[in-house]
Amino acid sequence: MSEGQGRQLASKWAKTAALKSHPRIAPHIPPTRMFSKSNLRSMLAAHGTVVIKPVRGAGGHGVIKVVKRGNEYSYTYYAVCKRFSNFDALVGSLSRQQRGRKYLIQKGIHLATIGGRPIDYRVKYVKEKGRWGYRALVGRLARPGLFVTNLCRGGSLLTASEGIRRSLSGGAVRSKKREMRTITQLSTNVLESRYPGIGQLGFDYGIDKSGKIWMFEVNTRPQ
């Protein structure tokens, strides 16, 4: 099997559910629920900040950060921020943005930053001639003013080592890269056993300000 081929699995919910079944992977997946008005209310009450994103989608399209502070609400969509004095007004505006698509709600993670800009990491893992191997382990630094790091949204590419060193410390580089590789291999085993025929995977990881690694999603058609 060569790069560019392999089974596709678009549903973020299906992949998340499969990975949460593994006890060593589950602690690295942010609390995630399907979008509904009641789930949004409870997730905001529990976490204060959440990210909602389409069940099917890539490239940061449709990803919205929602924040609750006291009795006020706001959301950020790309560089646009809207504020609301009540929950129903928030939900009404979000519904217009969603345009009938199914969405997930995920706990918002306060990522380590470089110059105030959040950074996350993409690990690309590909199966060729029956063996899995790494094709990339890179950092993606958000464009100033945005919270999404996708390159198609103006994010900047840098080595994972540089990203970890500048956002955490030089002493963390080796252990964090090793941990991302371990989670990647465990997750690939789970997904391949559940969905035979996958041939390439793109894992999106974040490291929070305390140094914990989080897996935001995995793509079967990584860009």
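The values are calculated or read from the model by the stated rules, or taken from the named source; none is laboratory data. Just so it is clear, the model here is predicted, and its values are computed rather than measured. Here Cβ is always computed from backbone atoms with ideal geometry, including for glycine, and neighbour counts include all displayed protein chains. Keep in mind that these areas ignore ligands, DNA and RNA; they rest on the heavy atoms of the full protein, side chains included. Shrake-Rupley method; radii C 1.70, N 1.55, O 1.52, S 1.80 Å.
One table, with the values for the structure above:
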| quantity | calculated |
| --- | --- |
| Hits in region 38-92 (condition: in a loop (DSSP other than H, G, I, E, B) and of a type in the set (Lys, Arg)) | 56 |
| Whichever residue in region 113-140 is more than 17 Å from residue 199 (Cβ to Cβ) and outside any strand (DSSP E or B) and, among such residues, is farthest from the chain's Cα centre (by Cα) | 115 |
| Pair list, Cβ under 7 Å, 6 or more apart: region 181-200 residue within 15 Å of residue 123 (Cα to Cα), other residue open to solvent by less than 10 Å² (accessible area, probe 1.4 Å) and in a helix (DSSP H, G or I) | 187/19 |
| Residue 181 being among the basic types (Lys, Arg) and within 29 Å of residue 64 (Cβ to Cβ) | no |
| Residue within region 46-54 that is surrounded by fewer than 19 Cβ atoms within 10 Å (Cβ to Cβ) and among the aliphatic types (A, V, I, L, M) present | yes |
| Residue that is within 17 Å of residue 29 (Cβ to Cβ), open to solvent by less than 50 Å² (accessible area, probe 1.4 Å), in a loop (DSSP other than H, G, I, E, B) and among the aliphatic types (A, V, I, L, M), where the choices are 109, 198, 183 | 109 |
| Leading residue by the ranking (modelled with the highest pLDDT) among those in region 147-158 that are out of contact with any Gly (no Cβ under 7 Å at 6 or more places or on another chain) and surrounded by fewer than 18 Cβ atoms within 10 Å (Cβ to Cβ) | 157 |
| Criterion: open to solvent by 30 Å² or more (accessible area, probe 1.4 Å), among the polar types (S, T, N, Q) and not in a helix (DSSP H, G or I) - qualifying residue of 175, 193, 210, 161 | 210 |
